[in-house]
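Novice: The structure is given below, and queries will be raised subsequently.
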Amino acid sequence: MTALTADVVLFTRRRGVLSVLTITRGKPPYEGALALPGGFVEQDERPLEAAVRELAEETGLHLPKSRLRRVGSYDTPGRDPRGAVASTAFHAYVIGAPDVRGGSDAATATWTPLATLLSPTTPTAFDHRRIVRDAVHRRFGRAKALPCRAIRGHRPAQGGLRPR
């Protein structure tokens, strides 16, 4: 049987740099790696409700479910070493990077620059790097990777990164 999870890609600008809310996993699998806030959908719970609950439990950030938009579903075999797990991912943008704290199975929570999170040298859990890329495309209309100038906070003359 396939387990169901929900993940959240939350964007903000921090000191002019586009950033994503991440946690550091406090337990296996991927202990110590960066991950998106999220977790298993409980019985009688919908993925959107689980996303809001997990975001609050793991980061202390309370966001109404009306703010979240669906990124997509992820069910590639082997995406989770614990077995067959399908995830529904959601995204949102918040202004003014609120303070966050690690909780539940998250050792820490922090705002991570998008360029750092997308770097292949950054240890990242599951397929969360792919989910973040897809969320960037959904949120900002970028097809693959953002130009380095945009990631570092420089705004192109036209078509700068603006939440939809």
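The values are calculated or read from the model by the stated rules, or taken from the named source; none is laboratory data. Only a predicted model underlies this, so the values are computations on that prediction, with no experimental measurement involved. Cβ coordinates were reconstructed from backbone atoms using ideal geometry, including for glycine residues, and neighbour counts include every protein chain displayed.
Novice: Looking only at the stretch 15-30, which residues are touching a residue at least 12 places away in the same chain (Cβ under 8 Å), loosely packed, with under 14 Cβ neighbours inside 10 Å and at negative phi?
Specialist: Residues of the stretch 15-30 touching a residue at least 12 places away in the same chain (Cβ under 8 Å): 15-27, 29-30.
When the remaining residues are screened for being loosely packed, with under 14 Cβ neighbours inside 10 Å, the result is 15-16, 27, 29.
Passing the criteria: LYS27, PRO29.
Novice: Now a separate question. If we scan the stretch 35-52, do we find a residue that is among the aromatic types (Phe, Trp, Tyr) and touching a Leu at 6+ places or on another chain (Cβ under 8 Å)?
Specialist: Going residue by residue through the stretch 35-52, those that are among the aromatic types (Phe, Trp, Tyr) are 40.
Now narrow it down to the ones that are touching a Leu at 6+ places or on another chain (Cβ under 8 Å): 40.
Yes, the stretch 35-52 contains a residue that is among the aromatic types (Phe, Trp, Tyr) and touching a Leu at 6+ places or on another chain (Cβ under 8 Å).
Novice: Follow-up. Sort out which residues of the stretch 53-90 are in contact with a Leu (Cβ under 7 Å, 6 or more places away or on another chain) and within 21 Å of ALA109 (Cα to Cα), and write them in order of number. Before you say what the answer is, go through the steps one by one.
Specialist: Restricting attention to the stretch 53-90, the residues satisfying the condition of being in contact with a Leu (Cβ under 7 Å, 6 or more places away or on another chain) are 55, 59, 61, 63, 65, 68, 86, 90.
Once the filter is applied, which keeps residues that are in contact with a Leu (Cβ under 7 Å, 6 or more places away or on another chain) and within 21 Å of ALA109 (Cα to Cα), the stretch 53-90 yields LEU55, THR59, LEU61, LEU63, LYS65, LEU68, PHE90.
Novice: For a quick check of your reading of the model, give me the residue pairs whose first member lies in the stretch 48-65 and is closer than 17 Å to ILE95 by Cα, whose second is of a type in the set (Asp, Glu) and part of a helix (DSSP H, G or I), with beta-carbon atoms closer than 7 Å and at least 6 apart or on different chains.
Specialist: Going by the 7 Å Cβ cut-off, the qualifying pairs are LYS65/GLU49.
Novice: Do we find that VAL8 is closer than 21 Å to THR122 by Cβ, over 15 Å from the mean Cα position of the chain (by Cα), surrounded by 14 or more Cβ atoms within 10 Å (Cβ to Cβ) and in contact (Cβ under 8 Å) with a residue 60 or more places away in the chain in this structure?
Specialist: no
Novice: For the stretch 71-153, please list each of the helices (runs of 4 or more DSSP H) lying entirely inside it that holds at least 3 residues being at pLDDT 95 or above. I'd like the intermediate steps shown before the answer.
Specialist: Details: elements: 114-118, 128-140, 148-151.
Ranges flagged: 114-118, 128-140.
Novice: Continuing with the same structure: Within the stretch 24-33, identify whether any single residue is closer than 17 Å to PRO98 by Cβ, within 16 Å of the chain's Cα centre (by Cα) and not polar (S, T, N, Q), and answer yes or no. It would help to see each step written out before you state the result.
Specialist: Of the residues in the stretch 24-33, the ones closer than 17 Å to PRO98 by Cβ are none.
Looking for residues that are closer than 17 Å to PRO98 by Cβ, within 16 Å of the chain's Cα centre (by Cα) and not polar (S, T, N, Q), one finds none in the stretch 24-33, hence no.
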